[in-house]
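Derivation of every value follows stated rules applied to the coordinates shown; laboratory data play no part. None of the values given here were measured: they were computed from a predicted structure. Because the Cβ atoms are built from the backbone with ideal geometry, glycine has one as well, and the counts that use them run over all protein chains shown.
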Amino acid sequence: MPYTGKVTSPESLGRILQQARLLNGWSQRELAARIGTTQRYIWEIEAGKPSIFVERLFALMRETGTELTATIDPRNDDE
């Protein structure tokens, strides 16, 4: 069953990504290995750590009236 939420900030994006990871049953370390990065990087994204790119992205979205939503559709690796 998919879950959808509005993304309004780096923090809300991080929370949504964290929920997606948890619904898939993965630790931060497991997800990092799956995408070829570090556990710390996953933690920073989930924590909504500021970065120039993300700050400018959300400023651009606010200024242009753009809304972003995310849909979590947990994977089933058995399919």
Relative to the Cα centre, what is the charge dipole magnitude of the chain, using +1 at the beta carbon of each Lys and Arg, -1 at the beta carbon of each Asp and Glu, and rounding to the nearest 20 debye? 260
Using only alpha carbons, build the gyration tensor for the chain and give me the equivalent ellipsoid semi-axes, biggest first, whole Å. 24, 17, 9
Quick one: if you stick a label point 7 Å off each Cα along the C-beta vector at Glu30 and Glu67, how many nm between them? 3.4
Counting only residues 5 or more apart in sequence or on a different chain, those whose built amide H sits under 5 Å from that of Leu68 are Val7
Helix-only [θ] at 222 nm, the chain, -39500 (n - 2.57) per DSSP H run of 4+, per residue, nearest 500, equals -16500 deg cm²/dmol
If you take the charge dipole of segment 3-72 about its Cα centre, with +1 on Lys and Arg Cβ and -1 on Asp and Glu Cβ, which of Gln18, Ala32, Gly5 is farthest toward its positive end? Ala32
Please order Ile35, Ile42, Ile72 by the number of other Cβ within 10 Å, starting at the fewest. Ile35, Ile72, Ile42
